[in-house]
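Structure, as structure tokens:
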Amino acid sequence: MAPWRELWVYLSATPLFSLTVTLVVYLVWEWVHRRSGLHPLLNPVAWSIAILGALLLWSGLPYPAYFAGAQFIHFLLGPATVALAIPLFHQRRRVAAHAKAVAAALVVGSVTAAGSAVALGAALGLDATMLRTLAPKSVTSPIAMAVSEQMGGIPALAAVFVILTGILGALFGPLLFALMRVRSSAAKGLALGVVTHGIGTARAMQIDPMAGAFAALGMGLNGVVTAVVLPWLG
């Protein structure tokens, strides 16, 4: 075994090491992302996942052992989600002024997000179990896993689809907005929140506070709609 790999395996036995590596990798790519002018193809979430995955494969470190150290970040997902209410509160007047448009966009976005996934999966010949797994891809992982299980899908695979959806949305969403000449921060944020959940919402926060607020609103409302309606339809 190479010396560097031996050192990695030795240090990875301590929980603090996994947490430190995760934070360092993300902060490095966050720096690269900002230095590039927030280029969408250099999204720090996507590159951090790729690099950390490669490190685990290279070192042979089991994921449970890695997660034992990095689970503190997982714990912070809850408070971070609740904290999204802060920008939403600051933009509450603008949100209220666009209530009808938000409601219409939410319905269309929720139906399109789930419907397009199922339609594409069916066109590719996926079976019913896979379609039920794919349907809730545009909501946060805990909701998607619960909905998928309730519908007879595969919860663990549903979480993978959720992450892929978020990463692709964060990567290509801004490019699509530019191509479609979407200039409204509210429209950008709502679209990212409804379709690409937390990862898209984080990307919307980088656009401006209004986009972040509408993304948080879209993510929350789409989660509720999907959790209530999709199991009933399935």
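Classified by the C-alpha gyration tensor, the stretch 107-234 has a prolate form. Its axis ratio a/c, with a ≥ b ≥ c, is 1.5 or above, and a/b is larger than b/c.
With the simple model of a label 7 Å out from the Cα in the direction of the Cβ, Arg35 to Leu157 spans 4.0 nm.
Comparing Pro44, Pro64, Pro87 in a Gaussian network model of the chain where C-alpha atoms under 10 Å apart are linked, the largest mean-square fluctuation is found at Pro64.
FRET efficiency for the Val28 to Ala68 pair, using the beta carbon distance and R₀ = 22 Å, is estimated at 0.45.
Pull out a ≥ b ≥ c, the square roots of the eigenvalues of the alpha-carbon gyration tensor of the stretch 40-144, then state rounded if a/c is under 1.5, prolate if not and a/b is larger than b/c, and oblate in the remaining case. Oblate, since a/c reaches 1.5 and b/c is not below a/b. Once you reduce the stretch 211-234 and the stretch 167-197 to the center of their Cα atoms, the two points are 16 Å from each other. The structure-derived value of Rg/Rh (Cα atoms, Kirkwood Rh) appears in the list (1) 1.17; (2) 1.00; (3) 0.94 under the label (2).
Computed as a quarter of the hull surface, the mean projected area of the alpha carbon convex hull for the stretch 167-234 stands at 4.5 nm². Computed over protein heavy atoms with a 1.4 angstrom probe, the accessible surface ordering of His33, His39, His90, largest first, is His90, His39, His33. Here r is the Cβ-Cβ distance between Ala97 and Val224 and R0 is 22 Å; the resulting FRET efficiency, rounded to 0.05, is 0.55.
The values are calculated or read from the model by the stated rules, or taken from the named source; none is laboratory data. What you see is a predicted model; the values in this text were computed from it and never measured. Please note: Cβ atoms are built from the backbone with ideal geometry, for glycine as well, and neighbour counts cover all protein chains shown. Heavy atoms of the whole protein, side chains included, go into the accessibility calculation; ligands, DNA and RNA do not. Shrake-Rupley method; radii C 1.70, N 1.55, O 1.52, S 1.80 Å.
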